[in-house]
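The values are calculated or read from the model by the stated rules, or taken from the named source; none is laboratory data. Everything quoted here is computed from the prediction, not taken from an experiment. Cβ coordinates were reconstructed from backbone atoms using ideal geometry, including for glycine residues, and neighbour counts include every protein chain displayed. For the accessible areas, the whole protein counts, side chains as well, though only heavy atoms, and no ligand, DNA or RNA atoms are used. Shrake-Rupley method; radii C 1.70, N 1.55, O 1.52, S 1.80 Å.
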Amino acid sequence: MYFYNMTKNILFLNLLCLVFFFGKTTLSAQENNTQNKTILIQPSYLKAGDTVAIVAPSGILKNRTGEVKQATDLLKSWGLHVVVGKHVFSQDNHFAGTDNERCEDFQKAMDDPSISAIWCARGGYGTVRIVDKLNFEKFRENPKWLIGYSDITALHNQFHNEGFESIHALMCTSLTKDLNDISETISTFKKAIFGEPLSYTLKGTNYNKVGTVTAPIVGGNLTLLHTMLGSKSSLNTKGKILFIEEIGEYKYHIDRMLQSLKRAGYFDNCAGVLVGGMSKMRKNTTLWGTSVEQLILDVLAEYDFPIAFNMPAGHDKDNRALVLGETVKMTVGKDKTTVVFEAE
């Protein structure tokens with residue numbers, strides 16, 4: 001009997017050890033992300049005389065010199081100086097130069113204390129190939145604004161996890177021949193970089209899930225958010241409003257990505273969701289059967305946070321600026337939604 005009891009005690013102690021060492025290995029991606037910063041650093045807003053660096057961390061800019069020139073002229077008209085990265089017009093198959101060349105331009109802009117903002121010329125694809133090469137040591141001494149959207153979401157994620165706010169807004173190739181066509185897009189871009197208050201009143205819809213929440217806003221392109229899962233660039237959305245937008249996807253792709261985020265715990269402690277443009281949706285031979293709005297609501301049906309649609313941000317011409325990491329008050333109703341940034 002003594003031997004039997006001693007054996008039971010040993011087994012019990014072993015079990016306790018197993019629980020202690022391995023009991024928390026089932027943490028969700030949200031809980032396991034140690035990169036999240038609760039207090040973000042806000043770079044200084046721009047003023048006349050400051051310098052903006054234009055870089056191309058993603059897709060090739062073949063035959064796009066005119067748009068970069070137009071972007072340069074726009075910034076100069078606001079009293080800003082402009083430097084264009086050495087490799088912006090380089091070509092390496094799909095990309096604006098090799099990974100090392102694109103990284104070189106971006107790192108130089110990050111490190112240069114005379115640069116106040118980094119404006120990405122275009123998206124496409126490529127930032128995920130350079131994000132792990134970036135060094136934030138000198139950037140921390142002189143933080144500056146990162147500006148862009150789409151593929152630039154990978155960089156927004158990383159900047160957020162490093163502890164910095166950034167700006168989701170138009171890029172150089174977003175500019176049109178007649179800038180009056182995108183006047184609101186340009187106006188909010190200017191307000192964002194110069195630190196003027198941002199607030200939006202969105203068209204209402206019965207798809208909206210009503211409620212009011214005040215929280216920091218994070219996010220960007222859905223494909224990139226999905227791509228970042230499991231990496232140090234994955235966002236921790238706990239207590240935050242998640243903004244999503246997408247272009248050129250099938251509805252079942254949207255569903256699959258949202259289901260993946262959900263399974264990873266992305267929405268477990270989320271404060272709210274703001275849906276931007278779902279542009280140029282592709283039609284599958286087998287129809288999905290519902291609207292993309294209903295698709296999103298179905299995936300998020302078990303959560304009680306507010307969900308707002310019709311945010312004019314994403315791949316459409318009307319692409320209003322969002323200061324990622326900044327606290328916003330989002331009031332969602334069926335008749336309208338208001339999104340008010342509480343700039344410090």
**Fill in**
With label points set 7 Å from each Cα along the Cα-to-Cβ direction at Asp132 and Thr201, the distance between them in nm comes to 4.8 nm
**Contact order relative to length of the chain, as percent, for alpha carbon pairs under 8 angstrom and 6 or more apart** = 19 percent
**Asked** When the chain is modelled as a GNM with alpha-carbon springs shorter than 10 Å, which of Gly123, Gly248, Gly219 fluctuates the most?
**Response** Gly248
**Message:** Can you tally the net charge around Thr205? Count Lys and Arg as +1, Asp and Glu as -1, for every other residue whose Cβ sits under 14 Å from the Cβ of Thr205.
**Reply:** +2
**Asked** Between Ala301 and Thr212, what FRET efficiency comes out of the Förster formula 1/(1 + (r/R0)^6) with R0 = 22 Å and r the beta carbon distance, rounded to 0.05?
**Response** 0.65
**Listed candidates [x] 90, 47, 45; [y] 58, 44, 36; [z] 64, 57, 42 - label of the one calculated as Cα extents along the principal axes in Å** = [x]
**Request:** Could you state the angle between the C-alpha long axis of helix 2-22 and the longest principal axis of the C-alpha atoms of the chain, as a value from 0 to 90 degrees rounded to the nearest 10?
**Result:** 10 degrees
**Virtual paramagnetic centre 7 Å along Cα→Cβ of Asp335, amide N under 20 Å, in the stretch 190-230** = 200-213
**Gain on full stretching of the segment that runs from Phe194 to Thr286 - 0.36 nm per residue minus C-alpha separation** = 28.4 nm
**Prompt:** Excluding ligands and nucleic acids, what accessible area in Å² is computed for Tyr303 using a 1.4 Å probe, to the nearest 10?
**Reply:** 30 Å²
**Asked** Angle, helix 153-162 long axis vs. longest principal axis of the chain, Cα atoms, 0 to 90°, nearest 10?
**Response** 60 degrees
**Fill in**
By the C-alpha gyration tensor axes a ≥ b ≥ c (rounded if a/c is under 1.5, else prolate when a/b exceeds b/c, else oblate), the shape of the stretch 262-344 is oblate
**Interchain or long-range residues, amide H under 5 Å from Glu342's placed H** = Thr327, Val328, Lys329
**Item:** Choice from Gly148, Gly220, Gly265 with maximal GNM fluctuation in the chain (Cα, 10 Å cutoff)
**Value:** Gly265
**Request:** With a 1.4 Å probe and every protein chain left in place, work out the accessible area per residue of the chain in Å², rounded to a whole number.
**Result:** 47 Å²
**Prompt:** Relative to the first principal axis of the alpha-carbon coordinates of the chain, what is the inclination of helix 65-77, with its axis defined by its Cα atoms, in degrees from 0 to 90 and to the nearest 10?
**Reply:** 80 degrees
**Item:** Point-to-point label distance, Tyr250-Gln70, nm (Cα→Cβ direction, 7 Å offset)
**Value:** 3.4 nm
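Roll a 1.4 angstrom probe over the protein heavy atoms and tell me the percent of accessible area of the chain that is carbon or sulfur. All intermediate terms of the calculation are to be shown ahead of the outcome.
Values: 8320 of 16280 Å².
Looking at the chain in its full context, I get 51 percent from C and S.
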**Message:** Can you give me the distance in nm between label points at Lys317 and Lys86, each placed 7 Å from the Cα along the Cα-to-Cβ direction?
**Reply:** 3.9 nm
**Fill in**
Note, Gly272: beta-carbon cut-off 14 Å, +1 each Lys/Arg, -1 each Asp/Glu, net +2
